[in-house]
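Encoded as structure tokens, the structure appears first; notes follow it.
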Amino acid sequence: MTPPRAPYPNLADTSATAPTRAETCVIACAEAWRGDAEILASPMGLIPALGARLARLTFSPELLLTDGEAHLIGHGGEVEGWLPYRQHLAMVSGGRRHVMMGASQIDRYGNQNISCIGDWQRPTRQLLGVRGAPVNTLNNPTSYWIGRHSPRVFVAAVDMVCGVGYDRARAAGPSATRFHQIRRIVSDLGVLDFETEDRSMRLASVHPGVSVADVRASTGFPLALPEDGVPTTRRPTRRELELIRTELDPGSLREREVRG
């Protein structure tokens, strides 16, 4: 009986295969926490979680990780400290947390919907509900991971505002903008940010093999572009690939999350 084929020819030599789209997405998520220092990372979903753990292992060693309950943990899940709920809330309300959430819909100013599709008084689909999205976006830096970049997700107007975007935070005044910051959006096609004069969404980079036209065709509103052109999302280094493939996700679950 022939043994199952390993996903990579030689795990000791990660240059044997080029980075996959999923691995590029992990790197792009990790970059969201670069320079955050001792701040609580709250990734939601597999790809963001791999990104946060990779950042902790490499360029953001002071990053704090949690098990989602009451413990601070290391990149491998070992308990490093106690984080009671009251202390967690203090970090959330004081800008000492950086969350990466998902989005069922998101518009050009970063307003996010995870509650319902259609008229909120009579929706056609009920989703998660508002949850903690308003508090997350108004009280600490927020990023988003969107695994399927399409016009159904990137919409001209969300059906219900859960996470607060730049236009609504600005309209609400200083109390809403003190800690409000949407750091980046990572999708399976590229990286987007809000580094524009009016804080509308900009295409910051495209993943290898993706064109600007691909992203534009998959977005339901016009995207701003960098003046000097759209770069390619950086590829993981050999060391980062080794960590992803042999330590963080040896079962290659990431490849089930990202097409391409």
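The values are calculated or read from the model by the stated rules, or taken from the named source; none is laboratory data. Only a predicted model underlies this, so the values are computations on that prediction, with no experimental measurement involved. In this analysis, Cβ positions are derived from the backbone assuming ideal geometry, glycine residues included, and neighbour counts consider all displayed protein chains. SASA here: full protein model, heavy atoms, side chains in, ligands and nucleic acids out. Shrake-Rupley method; radii C 1.70, N 1.55, O 1.52, S 1.80 Å.
Here are the numbers for the structure shown:
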item	result
Tally of residues being among the hydroxyl-bearing types (Ser, Thr, Tyr) and within 14 Å of Arg183 (Cα to Cα) across the stretch 27-61	1
Residue within the stretch 181-203 that is farther than 25 Å from Gly35 by Cα, in contact with a helix residue (DSSP H, G or I) (Cβ under 9 Å, 6 or more places away or on another chain) and open to solvent by 10 Å² or more (accessible area, probe 1.4 Å) present	no
Helices (runs of 4 or more DSSP H) completely within the stretch 44-148 that count 2 or more residues being basic (Lys, Arg) and touching a residue at least 24 places away in the same chain (Cβ under 8 Å)	none
Residue list for the stretch 208-231, restricted to those being open to solvent by 70 Å² or more (accessible area, probe 1.4 Å) and touching a helix residue (DSSP H, G or I) at 6+ places or on another chain (Cβ under 9 Å)	Gly209, Pro222
Some residue of the stretch 20-35 being open to solvent by 10 Å² or more (accessible area, probe 1.4 Å), modelled with pLDDT of 80 or more, over 20 Å from Arg256 (Cβ atoms) and part of a loop (DSSP other than H, G, I, E, B)	yes
Breaking point among (1) closer than 18 Å to Ser104 by Cα; (2) within 19 Å of the chain's Cα centre (by Cα); (3) not aliphatic (A, V, I, L, M), for Phe221	(2)
One residue from Arg170, Arg183, Arg148 being among the charged types (D, E, K, R) and over 20 Å from Val99 (Cα atoms)	Arg170
Complete set of residues in the stretch 88-144 that are among the aromatic types (Phe, Trp, Tyr) and open to solvent by less than 20 Å² (accessible area, probe 1.4 Å)	Tyr144
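Every residue, every condition in (1) over 20 Å from Glu23 (Cβ atoms); (2) of a type outside the set (A, V, I, L, M), yes or no:
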| site | (1), (2) |
| --- | --- |
| Val215 | no, no |
| Ser218 | yes, yes |
| Leu223 | yes, no |
| Arg238 | no, yes |
| Leu243 | no, no |
| Glu247 | no, yes |
| Arg259 | no, yes |
